[in-house]
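Down below is the structure, laid out as structure tokens.
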Amino acid sequence: MKKEIVFGPSTYGSLRIAQFTGVGNCPDFMICDPNKMDESMHDKIEQMNHRTISEWYNSTPVGGRAEDIICLEYDLEYGDISEKIPSSKRYQSIYQMVHTMYPENDEENVAKDWADSVMKKNRRSLRDLNSSIKNDEPIRIWYSSSPSEINGFYWLMYYLDSKKHYTNVSNIFLPPYYWDDSGLCIAWPQLKSCHWSETLYLEKEMSEAEIKSYSERWKELRKENSPLRLMISGNLVGLDVTFLDPFFYKVLDKIPETFKIARLVGDVMGESGLMLGDMPLFERVKALIANGVLELTEEWQERPMQTLVKKCRS
């Protein structure tokens, strides 16, 4: 069977549903009970359910099994990438980023549990990948321009190159601003499961020269080891975190003097189009506070995103 490579749990979940979308009856978990909703929403929920059921019975499944999906969750868009295989430094980066959002307390350490869980899943996924390489099983890679997926893809090319594995490798790249009937999609999790099979025509076989080319670029990025890596004008480039500051300043010009960090992070995510997650952006907010751009007015240790801050007068 063809092995499907994805670069995050959201993409894994979307592909898993797409594997069997259109097979049998529409699952109950995809249908909302309108009687449990506000009465004003009843008709809208009914319409949504009707559309969901219709899409299900008019969809073609991607096919495959859950065990055919290999999920590599390295989040290589930020932090140290000097290791050939993401290991202690990578998980320290993941830990630190999560710790920024969820500081430890006497009862739990969310960041440590998160990083440990990701590490265990990645080790299992890497064993599955190595088994597929050893047996020369077909490998199909799903990726887009989103930071986690494009960085994961470049690293995977480097890894395949290090294994001298150049056969039975294909990819499906989701073009920027891919359109489905619900709107524009810029990353795989945004594409409805009923439309995944429609992208199969985009699959292309990869050559040895192509794999080596991506691998060489990842070697350069590893050597640079910049704090941030994003697609800029079609190229994956290393950046300093101060690259994000203009996006924050643009949003700060529009919002009230005092606001919750969640408001600032959410607006930057929406307006920048960078497809970065909230944790790297929250880390940058901490730097803006340290640099005197913002000032704490009320700190919520349990829910840092709800912290109130205000603009400092220049």
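Where a number appears in this text, it was derived from the coordinates with a stated rule and is not lab data. Quick caveat, the model's predicted, so the values are computed rather than measured. Every residue, glycine as well, gets a Cβ built from its backbone with ideal geometry; the counts of neighbours run over all protein chains shown.
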Next item on the list: Any chance you could run the full-extension gain for ILE31 through ALA290? It's 0.36 nm times the residue separation minus the Cα-Cα distance, nm to one decimal.
Entry: 88.6 nm
Notebook entry, point to check: Distance from the Cα centre of the stretch 185-206 to that of the stretch 236-283, in angstrom?
Noted result: 28 Å
Check: With charges set only on the Cβ (+1 for Lys and Arg, -1 for Asp and Glu), what does the dipole of the chain come to about its Cα centre, in debye to the nearest 20?
Finding: 960 debye
Notebook entry, point to check: Fully extended, how many nm does the chain gain between TYR177 and ILE232 (0.36 nm per residue separation, minus their Cα-Cα distance)?
Noted result: 18.3 nm
Checklist line | FRET efficiency, 1/(1 + (r/R0)^6) with R0 30 Å, evaluated for LYS120 and GLU210 via beta carbons | finding: 0.40
Note to self: In the chain, if the dipole is taken from +1 on Lys/Arg beta carbons and -1 on Asp/Glu beta carbons about the Cα centre, which of VAL293, LEU174, SER226 is farthest to the positive end?
What the structure shows: SER226
Checklist line | Kirkwood hydrodynamic radius of the chain, Cα pairs, Å | finding: 21.6 Å
Next item on the list: Identify which of GLN96, GLN19, GLN47 has the largest mean-square fluctuation in a Gaussian network model of the chain, with springs joining Cα atoms closer than 10 Å.
Entry: GLN47
Next item on the list: May I ask you to derive the relative contact order of the stretch 178-314, considering only C-alpha pairs under 8 Å and at least 6 residues apart, and to give it as an integer percent?
Entry: 16 percent
Check: Per the helix-only calculation at 222 nm, which mean residue ellipticity applies to the chain, given -39500 (n - 2.57) for every DSSP H run of n ≥ 4 and division by its residues, nearest 500 deg cm²/dmol?
Finding: -14000 deg cm²/dmol
Checklist line | Convex hull volume per residue for the stretch 69-219, taking Cα atoms only, in Å³ | finding: 132 Å³
Item checked: Magnitude of the charge dipole, the stretch 20-124, Cβ model with Lys/Arg +1 and Asp/Glu -1, debye to 20 -> 640 debye
Next item on the list: Could you grab the relative contact order for the stretch 241-311? Cα pairs under 8 Å, six or more apart, rounded to a whole percent.
Entry: 37 percent
